[in-house]
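Q: First the structure, which I've put down as structure tokens, then a few questions once you've had a look.
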2 protein chains.
Amino acid sequence: MTNTAYEAWLNYGQLKSGSLYNQYIDWCVELVVTEDNETIQAAAAEFIQGMTSMLGKAPLLTAKPEGPCIVIGTFQGGNPLISRVFAGERTDSLGPEGFLIRTNATEQCIAVGASTPVGILYGVFHLLRLIGTESEIDALNLSMSPVNGLRMINHWDNFDGSIERGYAGRSFFYESNQFLNDTKRLRDYARLMSSVGINAISINNVNVHELESLFITEQYLPDIALIAGIFRVYGIKLFLSANFASPIQIGALETADPLDPAVRQWWKDKAGEVYRVIPDFGGFVVKADSENRPGPFTYGRDHADGANMLGEALEPFGGIVIWRCFVYNCKQDWRDRKTDRARAAYDHFKPLDGRFNDNVVLQIKNGPMDFQVREPVSPLFGALEHTNHLMEFQIAQEYTGQQRHLCYLVPQWKEVLDFNTYAKGQTTLVKHIVDGSVWGNKYNGVAAVTNVGDDMNWTGHGLAQANLYGYGRLIWNPELTAKEIAEEWIRLTFGTDKGLVVAIRGMLMDSWRIYESYTAPLGVGWMVNPDHHYGPNVDGCEYAKWGTYHYADHKGIGVDRSVKSGTGYSGQYMGLNASNYENLASCPEELLLFFHHVPYTHVLQSGQTVIQHIYDTHFEGAEQAAQLLATWESLEGSMDSGLYVQVKQRLEEQAEHAQEWRDRINTYFYRKSGIEDLKGRKIY
Amino acid sequence: MTNTAYEAWLNYGQLKSGSLYNQYIDWCVELVVTEDNETIQAAAAEFIQGMTSMLGKAPLLTAKPEGPCIVIGTFQGGNPLISRVFAGERTDSLGPEGFLIRTNATEQCIAVGASTPVGILYGVFHLLRLIGTESEIDALNLSMSPVNGLRMINHWDNFDGSIERGYAGRSFFYESNQFLNDTKRLRDYARLMSSVGINAISINNVNVHELESLFITEQYLPDIALIAGIFRVYGIKLFLSANFASPIQIGALETADPLDPAVRQWWKDKAGEVYRVIPDFGGFVVKADSENRPGPFTYGRDHADGANMLGEALEPFGGIVIWRCFVYNCKQDWRDRKTDRARAAYDHFKPLDGRFNDNVVLQIKNGPMDFQVREPVSPLFGALEHTNHLMEFQIAQEYTGQQRHLCYLVPQWKEVLDFNTYAKGQTTLVKHIVDGSVWGNKYNGVAAVTNVGDDMNWTGHGLAQANLYGYGRLIWNPELTAKEIAEEWIRLTFGTDKGLVVAIRGMLMDSWRIYESYTAPLGVGWMVNPDHHYGPNVDGCEYAKWGTYHYADHKGIGVDRSVKSGTGYSGQYMGLNASNYENLASCPEELLLFFHHVPYTHVLQSGQTVIQHIYDTHFEGAEQAAQLLATWESLEGSMDSGLYVQVKQRLEEQAEHAQEWRDRINTYFYRKSGIEDLKGRKIY
């Protein structure tokens, strides 16, 4: 049994012979590199590795070509071929990470040019992707730059080796409170991330425990510098999650009050220490006053006070503070219907707009709750005119099947990015807020909680690699469609067989809707087991302190978040969004129960009642989950056998578990409502 | 702040001066002991310690008294005073553990006589108890023997120091896979247990993990022998829980098939090894084919095959096998309404009656499920005419508040022991089956899962000591009332102030009903959080694989276990029990929902509907829980301050948590049924 799962989309499978193969062979006789830079050298090595593997023939590395060649180099790097090919090109709009690729018949070369080494690296990865997906390269004329500034990955890895919300094994950074220093895996991880444009990674959990608080001390900085050094080659800045209470916990201070001069000085000194060891350190990610984490509230200060203090400390070194907006009352009494967790981020941060320093960036989850399969877009997007901010996605499938169920999340992220906020005129899409273009933010972009661990295939579920790949590609260019991204990933991972590509692409594209259909109907959310969040439990979070309620009774279900009669959450939106969500008649039905409490007999646009919709979607969803497995089984023999078997096992579990979801959800609502299924199917 | 919690009921508080005090002083000038036996010496030491503490004056230890004295000795021990006092007494019916106490004016002594040293020890503890509770000793004429043969404690302690279902800290036997060898604590524990008549203790969890499987090897037997040696002095035999798969796991065999000659020989050899190190080793406790533990089913054998194999190995050494009957399908599909966990123990073991060896003892949980606050008595009691068996109680409050809520369990155990099975004639009480008198079993008695840990006060909740004390006293003599036992314990623990005794006794006596009232209505059970089993969660076990369902829907609730239309469980009972449980009209209402599925509108004998009963009991129960706290607070200053504060904190938690129970249960049923509370109280 072969298994290319570890190599993932960089497995560089052997290409079929034919005209395209010949085209690649013709162009790739030589690789011309003249610059002695570690990133450019890495790009060259990647290219040679990739081409050797795909073509079965290694290109010759040279400084002076003697025939058709690939040439890579920076515009100012002195390579005469690069200078000639790009003479007269406008390169200033490319930015520091963009690249150009030109096929130049006169010069008999394909040239990858950029202003910086990392631009070269991205260009090489792109050229490899073009070849790996079997695209023509005879007449390339590409100019590409990433749309978002920060393209970040957040690890929730703990020093003990566990990963909070990790579904793909243990950490590959740490084990048993020691750094693993597995340089091969770290380098391969950096390659994977860089290949899809990731330029920032925070390596420890935002819940910073005791030992991790010491990461910013001389005890651990050398180990972290080793990781940063590997990342640096691949254009990735290393960030650390910081503990707001560090001045007390690891300093000798008795307070962490952000307005206390001694505290401010402590952080400044600390920043100096970090930058002495890691000169290009990215900065801190901070979860403060959130789910029992320490923060400025302890001292009667607000989030701006807290974040700005850290910003001030990092500013001289060019570092930034990424301050999470996941702040809400996590000790809510379930009897209290006035408090609404959905309101919390907006209520906390909107009043602070404009108070944050230039190097402070707020990180806002895509929805107001917590990565449910379906949520509205956070109303903070559009509400922060004078504040740097990032989108936060979750690649880890915490609430979407935990990498045991298939759920390709790019379509969900697309919907979020394409959402119109009405913040500045009639069309103000989230993606244009996030990329900084609407308000000209200095820092902008997207972060996401990763789905990787030390599993051989990185992501537990073999097909969950598509989310990791897709995340990077989407935020590099949000205009790519989910389908295009899926197809790229399939071709790079499985090869270009058309039937196989179409089948897997269909599975991926359908998977989010399928998962939604047999789990959470109409935007209700949270019908999962508490703590681990896997599997159905309709009342699992109903009496919890986390603000996660659906209020189902024998008559109906849903949360009234209207201004008129509910929590007023819908009033946090602008323009048409506010009125659409406010009114039952105009509320998008996929979010009906998020915004309104309705009787089970409420009739949807389909003509079905809510209860019948629940029954129907759950029966259908379980059938579709079974169909995913059947589709996969039809592909046996047409791919790497290791990948096939691993994914098959996951799909079997999904098909079976989808029935459990179906039966538990249907039974719960049947027992509660007493309303029969119109189609007379078995409910328990 | 003083704190006598560690000494518990052996704290031997100073007695008040007065005529009784003078009586004790008069008799206890000297203690006469002539036998050099470690158990009798321990009895003497206990007496001196107790009297010194209670009277402020040490009795003189002597072999030849010169005036009024206490004399202790075996009938055959050669002490002339003992011989004279007990001359002509019939002592054969006392048995090996009984004792006589006589006040003999002529001889100017109070004599404690017995056939064995442990009888002396029990007699001395009893005399100390009489004095500690301020009883007259001027004319004692007592003959006492334990009613049950085995009076056992089961520890569920793990070698890593954790305790399964432990609510009073960590193990005091082990920590981090090492023996603690804390001889002082072990000796004090043995004293406490012996003082209430415990004569057998198994020291490791019935779920025997990898390392604990090695307890029966030379690696660990010396440590275990040390514990056994301490226990031995106090008349307690040490037992170990054994892993049925040991021949594979720690032997070199490839099977644990009980009919395989090599396996049988392995166990015989193993028994020999154990008895060479611990000559009075009690035997093995075994959980087999239960909740994923290995057992004879793997080899197509039955429980008799498995147990008899072990019995055969232990037989030459006088050891016994205690084989648990907690066997059921723990992978049930919640959709399957035919399988009924309640039936399982009977269905498994009744057909095997008569097949077990003489030294095999079945251990049967008091109810058919698992230590719920209310269950019927297991129908196996009365059904096993030809098999040794023990009752299994749980002192640990797994489902009755986990030693954070007050729940004095002796009244529950009394009800179980006093249950009439109709097994042999019109009156065949469980207690007479358990004590062996109905069928003349060679081995008989009671075991219980303990509630102790390394908490300073042993049991977490200070008042939970009453369950530990009460368990021992009750099974020594099941004719004692729960109230008598409570009063003894209070007097020994807190002193004899009448107001205090009455107040605490009232709290204890009410506590089980109170706990029941705000938690599980009408015998329904299982409305707890899964896994840890603490706190309300009506559907917490409803979709589980453990066979723990209540089937609540919008119309009604309960499990139909009738023969006529349900699982047939009621048919496992004999005589009137079967018909009483079978029929809704005659079913005891406290077990109504255990045996029947009824509409919420079903009218109880009280005239209330089931739903109104749920509302009423939950409102009342929460009020009564608050009243427990108020009563306790009225006792401030009248007891040891350490005990006072500790218990007050627990009662505060209980009062608050009872409200959570009230509101979650009421809300669940209100939302589900839509039926209003007739009294218009707040339901959410």
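Every number here is computed from the coordinates shown, using simple stated rules; none is lab data. Values in this document were obtained by computation on a predicted structure and should not be read as measured data. Using ideal geometry, Cβ is built from the backbone for each residue, glycine included, and neighbour counts are taken over all protein chains shown.
Q: Which of rounded, prolate or oblate describes the range A:523-612 when judged by the alpha-carbon gyration tensor and an a/c cut-off of 1.5?
A: Oblate, because a/c is 1.5 or more while a/b does not exceed b/c.
Q: On average over all directions, what projected area in square nanometres does chain A have, based on the convex hull of its Cα atoms?
A: Directional mean of the projected Cα hull area for chain A stands at 30.0 nm².
Q: Which whole-number percentage describes the relative contact order of chain B, with Cα contacts under 8 Å and a sequence gap of 6 or more?
A: Details: 1404 pairs, mean separation 81.5, N = 684.
Reported as a whole number, the value is 12 percent.
Q: Report the far tail of the P(r) of the range B:235-345, meaning the percent of Cα-Cα pairs longer than 19 Å. Please list the in-between numbers first.
A: Values: 2881 of 6105 pairs.
Roughly 47 percent, once rounded to a whole number.
Q: Can you give me the Cα centroid spacing of the range B:365-421 and the range A:488-511 in angstrom?
A: The range B:365-421 and the range A:488-511 have Cα centres spaced 60 Å from each other.
Q: On to the next question. Hey, what's the per residue convex hull volume over the C-alpha atoms of the range A:567-635, in cubic angstrom? Walk me through the numbers before you get to the answer.
A: Numbers: hull volume 8.6 nm³, N = 69.
Value for the range A:567-635: 124 Å³ per residue.
Q: Taking all pairs of different Cα atoms in the range B:1-137, averaging 1/r and flipping that mean, what Kirkwood radius in angstroms comes out?
A: So the Kirkwood estimate lands at 15.1 Å.
Q: Further question: If you take the Cα Rg of the range B:134-215 and divide it by 2.2 N^0.38 Å, with N the number of residues, what do you get? All intermediate terms of the calculation are to be shown ahead of the outcome.
A: Working: Rg = 16.9 Å, N = 82, 2.2 N^0.38 = 11.7 Å.
Cα Rg divided by the expected 2.2 N^0.38 Å: 1.44.
Q: Next up: What is the set of long-range amide H partners of B:Thr387 at a cut-off below 5 Å, with H atoms built 1.01 Å from backbone N?
A: Excluding prolines and chain starts, which carry no amide H, the hits are B:Gly354.
Q: Calculate the FRET efficiency for B:Leu584 and A:Ala45 from the Cβ-Cβ distance with a Förster distance of 56 Å, rounded to the nearest 0.05. Please list the in-between numbers first.
A: Details: r = 80 Å, r/R0 = 1.43.
The calculated FRET efficiency here is 0.10.
Q: Test of understanding: what is the full-extension gain from A:Ala252 to A:Thr106, defined as 0.36 nm times their sequence separation minus their Cα-Cα distance?
A: Values: separation 146, 0.36 × 146 = 52.56 nm, distance 6.76 nm.
Taking 0.36 nm per residue and subtracting the Cα distance, the gain is 45.8 nm.
Q: Follow-up question, since we're still on this one. Which whole number gives the average count of other chain Cβ atoms within 10 Å of the Cβ atoms across peptide A:537-543? Working shown, then result.
A: Details: counts 6, 2, 8, 4, 0, 6, 10.
Mean shielding by partner chains, rounded to a whole number: 5.
Q: Can you compute the FRET efficiency between A:Phe297 and A:Asp497 using 1/(1 + (r/R0)^6), with r the Cβ-Cβ distance and R0 = 51 Å? Round to the nearest 0.05. Could the numbers behind the result be given before it?
A: Numbers: r = 57 Å, r/R0 = 1.11.
My answer for the efficiency is 0.35.
Q: Related question: Using a label point 7 Å beyond Cα on the Cα-Cβ vector, give me the inter-copy distances for B:Glu676 in nanometres, one decimal, shortest first.
A: 3.0
Q: Continuing with the same structure: Residue by residue through the range B:438-443, which ³J(HN,Hα) values in whole Hz follow from phi under the Karplus form 6.51 cos²θ - 1.76 cosθ + 1.60 (θ = phi - 60°), with glycine and proline marked x?
A: 5, 10, x, 5, 5, 10
Q: Principal axis extents for the protein assembly as shown, Cα atoms only, whole Å, descending order, please.
A: Each principal axis gives a Cα extent; for the protein assembly as shown these are 131, 70, 63 Å.
Q: In the range A:126-170, whose amide N lies under 14 Å from the spot 7 Å out along Cα-to-Cβ of A:Cys330? List them in ranges.
A: A:164-165, by backbone N distance to the label point.
Q: Could I ask something else about it? Just for the protein assembly as shown, what percent of DSSP beta bridges are antiparallel, to the closest 5?
A: Values: 34 of 127 bridges.
Close to 25 percent.
Q: Considering the Cα trace of the range B:198-297, what is its radius of gyration and what is Dmax, both in angstroms?
A: Calculated on Cα positions, Rg and Dmax stand at 13.5, 41 Å.
Q: Please order A:Arg335, B:Arg341 by the number of other Cβ within 10 Å, starting at the fewest. List each step's numbers first, then the result.
A: Working: A:Arg335 14, B:Arg341 20.
Listed from fewest to most nearby Cβ atoms, that is A:Arg335, B:Arg341.
Q: Once amide H atoms are placed 1.01 Å from N in the peptide plane, what residues at a sequence separation of 5 or more from B:Gln363, or on another chain, have their amide H within under 5 Å of its amide H?
A: HN-HN under 5 Å from B:Gln363: B:Trp323, B:Arg324, B:Cys325, B:Leu390.
Q: Please compare each pair in B:Lys350/B:Lys424; A:Lys338/A:Lys424; B:Lys331/B:Lys564; B:Lys365/B:Lys414; A:Lys184/A:Lys648; A:Lys679/B:Lys555 to a cut-off of 19 Å on the Cα-Cα distance and tell me which ones are over it.
A: Values: B:Lys350/B:Lys424 16 Å; A:Lys338/A:Lys424 31 Å; B:Lys331/B:Lys564 26 Å; B:Lys365/B:Lys414 14 Å; A:Lys184/A:Lys648 29 Å; A:Lys679/B:Lys555 22 Å.
Where the Cα-Cα span goes over 19 Å, the pairs concerned are A:Lys338/A:Lys424; B:Lys331/B:Lys564; A:Lys184/A:Lys648; A:Lys679/B:Lys555.
Q: Still on this model: Amide H of B:Gly283 versus every other amide H placed in the peptide plane: which residues, excluding those fewer than 5 positions away on the same chain, fall under 5 Å?
A: B:Leu240, B:Ile320
Q: Still on this structure, please answer the following. Decide, for the range B:454-521, between rounded, prolate and oblate: order the square roots of the alpha carbon gyration tensor eigenvalues as a ≥ b ≥ c, take rounded if a/c falls under 1.5, and otherwise choose prolate if a/b is larger than b/c, else oblate. Provide the component values of the computation, followed by the final result.
A: On the way: a/c = 1.23, a/b = 1.18, b/c = 1.04.
Judged from the Cα gyration tensor, the range B:454-521 comes out rounded (a/c under 1.5).
Q: Using a Cα-Cα cut-off of under 20 Å, which aspartates and glutamates could be cross-linked to A:Lys431, ignoring same-chain neighbours fewer than 8 residues away?
A: Qualifying aspartates and glutamates at Cα under 20 Å: A:Glu97, A:Asp353, A:Asp370, A:Glu375, A:Glu385, A:Glu392, A:Glu415, A:Asp418, A:Glu479, A:Glu484.
Q: Peptide B:333-341: average number of partner chain Cβ atoms within 10 Å per residue?
A: On the way: counts 3, 5, 8, 1, 1, 0, 0, 0, 0.
Partner Cβ neighbours, averaged per residue: 2.
Q: With contacts defined as alpha carbon pairs under 8 Å and 6 or more residues apart, what's the relative contact order of the range B:355-476 in percent?
A: Values: 191 pairs, mean separation 33.3, N = 122.
Result for the range B:355-476 is 27 percent.
Q: Put a point 7 Å out from Cα along the line to Cβ at B:Glu273; what are the distances to that point in the other copies, in nm, shortest first?
A: The answer, with the shortest distance listed first, is 5.3 nm.
Q: Then there is this: State the Cα centre-to-centre distance between the range A:45-83 and the range B:606-684 in whole Å.
A: Between the Cα centre of the range A:45-83 and that of the range B:606-684, the gap is 78 Å.
Q: May I pose another question? Taking each residue of B:72-83 in turn, how many C-beta atoms of other protein chains fall within 10 Å of its C-beta, and what is the average? Show your work: numbers first, answer last.
A: Working: counts 0, 0, 0, 0, 0, 0, 0, 0, 0, 0, 0, 0.
Neighbouring Cβ atoms belonging to other protein chains average 0 per residue here.
Q: Taking every pair of alpha-carbon atoms in the range B:553-684, give the share separated by more than 17 Å as a whole percent.
A: Details: 5749 of 8646 pairs.
Above the 17 Å cut-off, the range B:553-684 has 66 percent of its Cα pairs.
Q: Distance between Cα centroids, the range B:113-179 to the range B:220-266: provide it in whole Å.
A: What the calculation gives is 24 Å, centre to centre.
Q: Sticking with this structure for a sec: Can you tell me the relative contact order of the range B:444-589? Whole percent, Cα pairs under 8 Å, sequence separation 6 or more.
A: Working: 126 pairs, mean separation 12.2, N = 146.
Relative CO of the range B:444-589 lands at 8 percent.
Q: For the range A:270-309, what does the alpha-carbon gyration tensor say about shape, rounded, prolate or oblate, given a ≥ b ≥ c as the root eigenvalues, a/c under 1.5 as rounded, and a/b over b/c as prolate?
A: Working: a/c = 3.09, a/b = 2.30, b/c = 1.35.
Judged from the Cα gyration tensor, the range A:270-309 comes out prolate (a/c at least 1.5, a/b above b/c).
Q: Largest first, please: the extent of the C-alpha atoms of the range B:381-456 along each principal axis, to the nearest Å.
A: Principal extents (Cα only, largest first): 45, 23, 15 Å.
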